[in-house]
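Trainee: The structure follows.
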Amino acid sequence: MSHSIWQSMQQKGYSRREFLQFCAWAAAAAGLSKTAVGQVAEAFEKKQKPVVVWMHYQECTGCSESFIRAAHPIVADVLLDVLSLNYSETLMAPSGFQAEKSLAESIRDNKGKYIVVVEGAVPTRDGGVYCMIGGKTAEQSLRTVAADAAAVIAWGSCAAFGGVQAAKPNPTDAVPISKLVNKPVINVPGCPPIADVMMGVATHILVLGQLPALDDQGRPKEFYGRRVHDTCYRRPNYDAGLFVESWDDENARKGYCLYKMGCRGPVTYNACSVVRWNDGTSSPIQSGHGCIGCSEAAFWDNGPFYQHLPSFPDFGIESTADTVGTVVGVATVAGVAAHAVVTNIRKRSVIAEVHAEDHKEL
């Protein structure tokens, strides 16, 4: 019989206090308020751990690598106990016929209750022969496991949007999971997605027993409701017209905006600037590299990563993907966007003051 999360933690020697701390973290990760901690604790005490069938198709396993590195210290120890991971080619002990037997039993014994998690796109050309598991094509196995699932989650941009496998010329006719599954799919894109975001989505389903609110691309609004640019710590430099002009120049050392270096933050919806990686300490932009838009559809085909966009949606800070859309400019131009030019004029006095201070330091 499956244990609850609390029972699993007790078996591992965790105290009640540590359990409640974990519940508070889980509530925050799921985008729930502090008042929901009691609800989370009750669910973790009483509900059986959800059975998870984790499928791998055309992918690099980077999403799994991200997931098992969730920041919370307890998660690092009990992560695989939080979810009853009955099948995963990467993480399970069985192999061969034993693995396929576990998959079949998980589906048969948990109809309407289990969660399907998918990494990778699905090839459809030539009957799908470019990804075979246990003698079945990826498409065949996906349709089988998804038929009686309570929820289907597409981990990463490959599963959510096709990823690099579906990039032009797409030699295997790879498609995202939503194209083949006849039920709602929760897309959790990113290359890879943030570990704590992945954990938050799973927690939301476990606690509330329902899908989180999704945007028009099937992404949880709690984590994909704002652009990277809107919460970026470099945003004030953008507004002041202060940009990095070339890699490792003096402006780069000062942490100026990376827009001119191709940063896709203005058209990318993700929680990178807020949740971040490495125990919540950093994001690609903090390391000095612009956003490449990896949580957006067809990001591999949206133009060179190191050439800035000629245009992008208006910068209303409360805009969402539903109201603004994710129109990405592919062609590049010599200057910055018109908005940036107008902003530069408006902020000219600020720029002059900053440069004056720089000359004083020299």
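The values are calculated or read from the model by the stated rules, or taken from the named source; none is laboratory data. Keep in mind that what you see is a predicted model, and the values were worked out from it rather than measured. Note: ideal-geometry Cβ built from the backbone for every residue, glycine included; neighbour counts use all protein chains shown.
Trainee: For region 225-238, give me each residue that is basic (Lys, Arg), out of contact with any Pro (no Cβ under 7 Å at 6 or more places or on another chain) and not in a loop (DSSP other than H, G, I, E, B).
Mentor: The answer is Arg235, and nothing else.
Trainee: Please work out which residue is nearest to Leu211 (Cα to Cα), limiting yourself to region 29-39 and to residues that are in contact (Cβ under 8 Å) with a residue 40 or more places away in the chain and not in a loop (DSSP other than H, G, I, E, B). Steps first, answer last, please.
Mentor: Here is the first cut: in region 29-39, the residues in contact (Cβ under 8 Å) with a residue 40 or more places away in the chain are 29-32, 36, 39.
Restricting the remaining residues to those that are not in a loop (DSSP other than H, G, I, E, B) gives 29, 36, 39.
On the way: Ala29: 15, Ala36: 17, Gln39: 16 Å.
Filtering first and then ranking leaves Ala29.
Trainee: Residue by residue through region 153-211, note down the ones that are among the charged types (D, E, K, R) and either touching a Phe, Trp or Tyr at 6+ places or on another chain (Cβ under 7 Å) or farther than 15 Å from Gly120 by Cβ (or both). Before you say what the answer is, go through the steps one by one.
Mentor: Start the filter on region 153-211 by keeping residues that are among the charged types (D, E, K, R), which leaves 168, 173, 179, 183, 196.
Lys168, Lys183, Asp196, listed by residue number.
Trainee: Being at pLDDT below 85 and in a helix (DSSP H, G or I) is the filter here; which residues of region 1-22 pass it? Outline the logic, then answer.
Mentor: The initial filter retains those residues of region 1-22 that are at pLDDT below 85, namely 1-5, 8-9, 12, 22.
Within region 1-22, Ile5, Ser8, Met9, Phe22 meet the criteria.
Trainee: Given the residues Gly293, Gly316, Gly325, Gly329, which is the only one that is modelled with pLDDT of 50 or more and of a type outside the set (Val, Ile, Thr)?
Mentor: Working: Gly316 fails: modelled with pLDDT of 50 or more; Gly325 fails: modelled with pLDDT of 50 or more; Gly329 fails: modelled with pLDDT of 50 or more.
Criteria check complete, one pass: Gly293.
Trainee: Sticking with this one: Looking only at region 214-224, which residues are within 29 Å of Phe22 (Cβ to Cβ), part of a loop (DSSP other than H, G, I, E, B) and in contact with a strand residue (DSSP E or B) (Cβ under 7 Å, 6 or more places away or on another chain)?
Mentor: Gly218, Arg219
Trainee: If only one of Gly190, Gly255, Gly280, Gly241 is surrounded by fewer than 19 Cβ atoms within 10 Å (Cβ to Cβ), touching a residue at least 60 places away in the same chain (Cβ under 8 Å), part of a loop (DSSP other than H, G, I, E, B) and not aliphatic (A, V, I, L, M), which one is it? It would help to see each step written out before you state the result.
Mentor: Values: Gly190 fails: surrounded by fewer than 19 Cβ atoms within 10 Å (Cβ to Cβ); Gly255 fails: touching a residue at least 60 places away in the same chain (Cβ under 8 Å); Gly241 fails: surrounded by fewer than 19 Cβ atoms within 10 Å (Cβ to Cβ).
The conditions single out Gly280.
Trainee: Then there is this: Please find, within region 83-109, the residue that is surrounded by the most Cβ atoms within 10 Å (Cβ to Cβ) out of those that are in contact with a Pro (Cβ under 9 Å, 6 or more places away or on another chain), of a type outside the set (A, V, I, L, M) and closer than 13 Å to Val51 by Cβ.
Mentor: Tyr87
Trainee: I would also like to ask the following. Take residues that are within 22 Å of the chain's Cα centre (by Cα), assigned by TED's automatic domain parsing to the domain that holds Glu59 and not hydroxyl-bearing (Ser, Thr, Tyr) and tell me which of the strands (runs of 3 or more DSSP E) falling wholly in region 81-180 contain 2 or more.
Mentor: Result: 115-119, 151-155.
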